[in-house]
Amino acid sequence: MNFSTCLFVSTHAAAIAAADAWQNEVDPPEDLGQIEFEWMSEFDLEALAGIAVTTVHASGVICELDDVDLDYENLLALNEDMVQALADLNPEQFEEVAEQWAATEDFEENTAAALAAVQQITELARHAVSGELGMYCYTA
């Protein structure tokens, strides 16, 4: 496990199984197509979701990650509205979103890293929406 934050799309049961595996420092039982980041925190992800919500003109969205299970404090879920806002970003908006995200307080990477992450996270969110799955965040 060489990441600080891992984002993935799955069912609730598969998310719990993955968190259990990561806590025991083994690979999850199934390939989740996860995206791993050494530099991203859960607060960075919440900030990105907030920027996405504003960019796609969504309203009333609370951009806070939700606890999934009390036994797995490192496993968090993005709420459906956050996932939808990320999925609704279009490629023409990626650069502007990345620039805003990179300018947020405590963001530790450059705009190029932010842009690559926005592209990956948007694709993952679209997969979650189309597959009617949850989008999860595991922090090590």
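For labels at residue 59 and residue 39 in the simple 7 Å Cα→Cβ model, what's the distance in nm?
3.6 nm
7 Å from Cα along Cα→Cβ at both residue 119 and residue 13: what's the point-to-point distance in nm?
Label-label distance for residue 119 and residue 13, simple model: 3.6 nm.
Stretched out fully, how many nm does the piece from residue 27 to residue 81 gain, at 0.36 nm a residue minus the Cα gap?
On the way: separation 54, 0.36 × 54 = 19.44 nm, distance 2.94 nm.
Length gained between residue 27 and residue 81: 16.5 nm.
Sorted by mean Cβ packing within 10 Å, highest first, what order do the peptides 104-111, 91-98, 46-53 take? Write down the numbers at each step before the final one.
On the way: 104-111: 12.5, 91-98: 15.1, 46-53: 22.6.
Averaged packing, sorted descending, gives the order 46-53, 91-98, 104-111.
Restricting to Cα pairs below 8 Å that are 6+ residues apart, what does the relative contact order work out to for region 9-69? Please round to a whole percent.
After rounding, I find 25 percent.
Relative contact order, percent, of the chain when contacts are C-alpha pairs under 8 Å separated by at least 6 residues?
Numbers: 231 pairs, mean separation 47.8, N = 140.
The value is 34 percent.
If we count other beta carbons within 10 Å of each Cβ, what is the order of 57, 12, 127, fewest first? Walk me through the intermediate numbers first.
Numbers: 57 8, 12 13, 127 16.
Neighbour counts put them in this order, fewest first: 57, 12, 127.
Could you please report the charge total around residue 16, scoring K, R as +1 and D, E as -1 over all other residues with beta-carbon less than 9 angstrom from its beta-carbon? Walk me through the numbers before you get to the answer.
Working: positive: none; negative: 20, 69, 71.
With Lys, Arg at +1 and Asp, Glu at -1, the neighbours total -3.
If r is the Cβ-Cβ distance from residue 92 to residue 127 and R0 is 25 Å, what FRET efficiency results, to the nearest 0.05?
Values: r = 20 Å, r/R0 = 0.82.
Efficiency for this residue pair is about 0.75.
Put a dot 7 Å past each Cα toward the Cβ at residue 4 and residue 140; how far apart are the dots in nm?
So the two model labels end up 1.2 nm from each other.
So between residue 70 and residue 99, what do we pick up on full extension, going 0.36 nm a residue minus the alpha carbon distance?
Numbers: separation 29, 0.36 × 29 = 10.44 nm, distance 3.51 nm.
Between residue 70 and residue 99, full extension yields an extra 6.9 nm.
Bear in mind these aren't lab numbers, they're just calculated from the coordinates by the rules spelled out. What you see is a predicted model, and the numbers here were worked out from it, not measured in a lab. Ideal geometry is used to build each Cβ from the backbone, glycine not excepted, and the neighbour counts take in all protein chains shown.
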